[in-house]
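Working notes, beginning with the structure itself.
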Amino acid sequence: MIDERSEVAYESSPMPDVPTPTSSIEETTSPSAWRDEDICLTVSDLCLHYGDNEALTNISMQVARQRVTALIGPSGCGKSTLLRCFNRMNDLIDDVRITGKIELNGMEIHDTAVDIAQLRRRVGMVFQRPNPFPKSIYENVAYGLRLQGSMPKSEVDDRVEWALKNSALWEEVSGRLNESALDMSGGQQQRLVIARAIAIQPDVLLLDEPASALDPISTLKIEELVHQLKQDYTILIVTHNMQQAARVSDYTGFLYLGKLVEYDTTNIIFTNPTEKQTEDYITGRYG
Ligand SMILES: Nc1ncnc2c1ncn2[C@@H]1O[C@H](COP(=O)(O)OP(=O)(O)OP(=O)(O)O)[C@@H](O)[C@H]1O
Ligand SMILES: [Mg+2]
């Protein structure tokens with residue numbers, strides 16, 4: 001089993017300053033028309049085996065910078081597995097074999113020179129079940145900052161406030177930052193773990209069904225949040241909810257049995273897909 005808490009197991013070494021260009025692409029620009037500087041992640045011929053089981057087969061795709069990319073597909077098709085490849089969380093699972101390449105801003109993430117702790121700092125992940133630490137709301141958000149080394153308290157305070165504001169939680173919790181995070185509602189906990197993830201200002205946010213356990217109002221808050229966060233982050237979101245994928249994402253990839261069947265603008269995938277399998281899935285014929 002993966003220990004989902006290891007998402008914040010960063011080392012204290014500082015990150016080099018990597019300038020993040022701003023994407024210039026329009027939301028309707030087809031992936032084939034992207035320029036190099038619009039691309040955050042490039043996946044080439046990615047295959048992943050759990051033991052003898054092939055879970056991902058020859059995945060090749062690019063992920064646009066500061067856009068929301070949804071991964072959809074039936075249960076067991078490899079969505080979470082693919083998501084975990086982007087910050088090498090699958091390395092924590094025994095008997096996993098990965099071939100192919102993933103480049104983050106041009107850096108091959110499997111390169112032996114890559115510091116995995118730093119990679120996970122740049123590529124934050126939020127899981128389906130919110131996993132706050134049994135600490136205060138404040139300490140949950142400050143956790144990753146503290147691991148980065150000493151920071152004046154006033155700066156930690158500012159970053160905690162910034163992250164809570166940017167995760168649409170500040171108004172609900174500003175008066176009770178020292179209370180336990182475990183006493184928050186599920187929807188609040190999910191926004192808290194998003195605040196924890198963005199507090200250290202990653203480049204990429206991986207969200208694995210972040211709203212699947214939430215009520216409609218909390219779900220809407222998460223969706224609004226995703227929409228707002230894409231101004232600063234490249235976001236990959238896994239969802240089983242077709243309406244949600246259509247609402248929040250700019251690009252959508254449809255996975256089936258470990259293969260990327262189709263990848264295009266969300267508009268095309270939901271209105272005029274090329275592949276019959278995609279159409280069958282989005283119209284609810286299977287999955
Ligand atoms: N830790 C693991 N060890 C072995 N096999 C795994 C592991 N995690 C996933 N698999 C297998 O890999 C395949 C893809 O699983 P994955 O969890 O990526 O699917 P998914 O699309 O996220 O499904 P769901 O929508 O149900 O979350 C499945 O056949 C699954 O059984
Ligand atoms: Mg999954």
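The values are calculated or read from the model by the stated rules, or taken from the named source; none is laboratory data. Just so it is clear, the model here is predicted, and its values are computed rather than measured. Because the Cβ atoms are built from the backbone with ideal geometry, glycine has one as well, and the counts that use them run over all protein chains shown.
Here are the numbers for this structure:
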quantity: Selection status of Val126, within 16 Å of ligand 1 (Cβ to nearest atom) and surrounded by 15 or more Cβ atoms within 10 Å (Cβ to Cβ); calculated: yes
quantity: Cβ pairs under 8 Å, 6+ apart, first in region 160-181 and outside any loop (DSSP other than H, G, I, E, B), second crowded, with 16+ Cβ neighbours inside 10 Å and aromatic (Phe, Trp, Tyr); calculated: Val160/Tyr138; Glu161/Trp170; Leu164/Trp170; Ala181/Phe133
quantity: Residue count, region 150-183 (criterion: modelled with pLDDT under 90, under 17 Å from Ile198 (Cα atoms) and among the small types (Gly, Ala, Ser)); calculated: 2
quantity: Options Gln201, Gln190: the member that is more than 16 Å from ligand 1 (Cβ to nearest atom) and either in contact (Cβ under 8 Å) with a residue 60 or more places away in the chain or among the small types (Gly, Ala, Ser) (or both); calculated: Gln190
quantity: Residue within region 99-118 that is within 12 Å of ligand 1 (Cβ to nearest atom), in contact with a Leu (Cβ under 9 Å, 6 or more places away or on another chain) and in contact (Cβ under 8 Å) with a residue 24 or more places away in the chain present; calculated: no
quantity: Spans of strands (runs of 3 or more DSSP E) in region 185-265 with at least 1 residues of a type in the set (Phe, Trp, Tyr); calculated: 251-256, 259-265
quantity: Qualifying positions in region 140-156 - out of contact with any Lys or Arg (no Cβ under 8 Å at 6 or more places or on another chain), of a type outside the set (Lys, Arg) and in a helix (DSSP H, G or I); calculated: Leu147, Ser154, Glu155
